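The values are calculated or read from the model by the stated rules, or taken from the named source; none is laboratory data. Please read all numbers here as calculations on a predicted model, not as lab measurements. Positions of Cβ are generated from backbone atoms using ideal geometry, with glycine treated the same way; all protein chains shown enter the neighbour counts.
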Amino acid sequence: MKSFLFLSIFGLFFNLYAGVEESITDMMVKNSQKVTSILKDKTISKKKQDEQLIKIVDPLFDFKLMGTLCLGKTTYLGLSEEQKSKFHTVFNKKIKNSYTGKLHLYTDEKLEFDKAQMGKDKRLSLQSYLITKTERKSVIYKFYLSDEKQWLIYDVDIFGVSIVQTYRNQFAGALKTKSFEQFLAELNTDNI
């Protein structure tokens, strides 16, 4: 009886995640094709391209979680709700501008995706490769299952460097010598 119950629970868990890897991979392939199409269309202004790009990537990323992770738990928990709100507004703007700016560097590279892989911590990672004429560069998207039961990106490793870890190091360094308000003002002007 216990083994039947275990197998039933395991089967339910497995069915909940069955096919997730393929659907994440398919979704990312389709979205990368949309992004590429927008970037290749030279009849669209850069501003309009940015708006269209953000519409594609916004639902894929948890920018709030990314910002929280970039600040670090201790710093984030020490902020007032108003400070958190201001930070997320500024961080979202910064990360989206940075992301679209990087996308505009696109010329004729190709993006290939492996199948997403489920980790031990019930998080997914999706290995992709940016293929240039001379190199194959690694880009890993890291997903988690949100409370709303959506798989969202919370970090990206670009050529072996985590976006979250990079920002966390920059932010920690800035916050050692500046008040949070000074840090936020500099973040808002792209000085960090």
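Details
- Residue match in segment 165-172 (condition: on the phi < 0 side of the Ramachandran plot, in a helix (DSSP H, G or I) and charged (D, E, K, R)): yes
- For the criterion of being at pLDDT below 95 and more than 23 Å from Ser162 (Cβ to Cβ), Lys55 fails.
- Selection from segment 69-83 of residues that are over 20 Å from Tyr144 (Cβ atoms), without any contact (Cβ under 8 Å) to a residue 60 or more places away in the chain and part of a helix (DSSP H, G or I): Thr74, Glu81, Glu82
- Condition met for Ile56 (part of a helix (DSSP H, G or I) and in contact with a Lys or Arg (Cβ under 6 Å, 6 or more places away or on another chain)): yes
- Options Glu112, Glu81: the member that is over 16 Å from the mean Cα position of the chain (by Cα) and surrounded by 12 or more Cβ atoms within 10 Å (Cβ to Cβ): Glu112
- Reported count of residues in segment 181-192, each being buried (at least 17 other Cβ atoms within 10 Å of the Cβ) and assigned to a helix (DSSP H, G or I), is 3.
- Test result for Leu130, more than 26 Å from Phe87 (Cα to Cα), buried (at least 17 other Cβ atoms within 10 Å of the Cβ) and under 20 Å from the mean Cα position of the chain (by Cα): no
- The residues listed here are Lys142, Lys120, Lys102, Lys133; of these, the one that is out of contact with any helix residue (DSSP H, G or I) (no Cβ under 8 Å at 6 or more places or on another chain), among the basic types (Lys, Arg), free of Cβ contacts under 8 Å to residues at least 60 places away in the same chain and in a helix (DSSP H, G or I) is Lys102.
- Matching residues in segment 52-68 - criterion: being surrounded by 13 or more Cβ atoms within 10 Å (Cβ to Cβ) and either touching a strand residue (DSSP E or B) at 6+ places or on another chain (Cβ under 7 Å) or of a type in the set (Asp, Glu) (or both): Leu60, Phe61, Asp62, Leu65, Met66
- Per-region count, segment 105-117, residues part of a loop (DSSP other than H, G, I, E, B), farther than 11 Å from Thr36 by Cα and free of Cβ contacts under 8 Å to residues at least 24 places away in the same chain: 1
- Condition check for Ser125: under 30 Å from Lys42 (Cα atoms), among the small types (Gly, Ala, Ser), out of contact with any helix residue (DSSP H, G or I) (no Cβ under 9 Å at 6 or more places or on another chain) and in a strand (DSSP E or B): no
- Complete set of residues in segment 145-157 that are hydrophobic (A, V, I, L, M, F, W, C), out of contact with any Ser or Thr (no Cβ under 8 Å at 6 or more places or on another chain) and either on the phi > 0 side of the Ramachandran plot or without any contact (Cβ under 8 Å) to a residue 24 or more places away in the chain (or both): Leu145
- Test for Ile95: is it under 27 Å from Gln52 (Cα atoms), part of a helix (DSSP H, G or I) and not hydroxyl-bearing (Ser, Thr, Tyr): yes
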